[in-house]
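Below is one structure, written out as structure tokens, with a few remarks after it.
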Amino acid sequence: LILDNIPFHKATQSLTSHGLPTIKQTADSFGIRLHYTAPYCPFLNPSEYIFRLIKGHVRREIPKTEDELRDAIVNAIDRITPNKTSRKFDHCFHRGTAANLTTR
């Protein structure tokens with residue numbers, strides 16, 4: 001599983017203090033290896049590209065009310081096809097082969 005370096009992906013104290021397992025402990029229990037992208041590399045994160053699509057659609061809609069904003073977001077999400085999502089993952093994967101991924 002490839003994760004970006006947002007701090008809560010590596011949080012331990014806040015989870016364990018509430019009796020919860022860390023992300024690493026949970027992944028280990030399922031036999032999943034964790035890899036982290038290099039810091040400050042949003043171009044390796046497919047969700048960044050998906051959010052960019054959503055924000056671009058919402059900007060073009062120019063919502064003026066909360067309801068219009070909600071509708072614009074829903075419409076943007078509805079336009080994200082499995083093919084678009086797959087292409088974003090492929091794009092990040094190919095860019096990621098040139099980047100260093102570290103196991104933690």
Handout entry: Selected residue (criterion: farthest from the chain's Cα centre (by Cα)) from residues of segment 1-51 that are modelled with pLDDT of 90 or more and of a type in the set (D, E, K, R)
Key = Asp28
Problem - Residue list for segment 11-24, filter: in a helix (DSSP H, G or I) and exposed (fewer than 13 other Cβ atoms within 10 Å of the Cβ) - result: Gln13, Ser14, Thr16
Completion exercise
Considering residues that are over 30 Å from Ala72 (Cα atoms) and either loosely packed, with under 13 Cβ neighbours inside 10 Å or charged (D, E, K, R) (or both), the number found within segment 36-52 is 1
Practice task
Pick out the one residue from Leu34, Leu44 that is within 18 Å of Leu1 (Cβ to Cβ) and in contact with a Gly (Cβ under 9 Å, 6 or more places away or on another chain).
Solution key: Leu44
Practice task
Would you check if Ala72 is among the small types (Gly, Ala, Ser), without any contact (Cβ under 8 Å) to a residue 60 or more places away in the chain and farther than 22 Å from Leu3 by Cα?
Solution key: yes
Exercise for the section: Look through Thr65, Thr103 and report the one residue that is exposed (fewer than 12 other Cβ atoms within 10 Å of the Cβ) and either more than 25 Å from Ile6 (Cα to Cα) or modelled with pLDDT of 90 or more (or both). Expected result: Thr65
Practice task
State all residues of segment 76-88 that are in a helix (DSSP H, G or I) and more than 27 Å from Pro7 (Cβ to Cβ); if no residue qualifies, say none.
Solution key: Ala76, Asp78, Pro82, Asn83, Lys84, Ser86, Arg87
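Residues checked against (1) of a type outside the set (A, V, I, L, M, F, W, C); (2) touching a Cys at 6+ places or on another chain (Cβ under 9 Å); (3) under 24 Å from Lys88 (Cβ atoms); (4) assigned to a helix (DSSP H, G or I):
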residue	(1), (2), (3), (4)
Ala27	no, no, yes, yes
Tyr40	yes, no, yes, no
Ile54	no, no, yes, yes
Arg59	yes, no, yes, yes
Lys64	yes, no, no, no
Val74	no, no, yes, yes
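The values are calculated or read from the model by the stated rules, or taken from the named source; none is laboratory data. All values derive from a computational prediction rather than experimental measurement. Note that each Cβ is placed from the backbone with ideal geometry, even for glycine, and that neighbours are counted across all protein chains shown.
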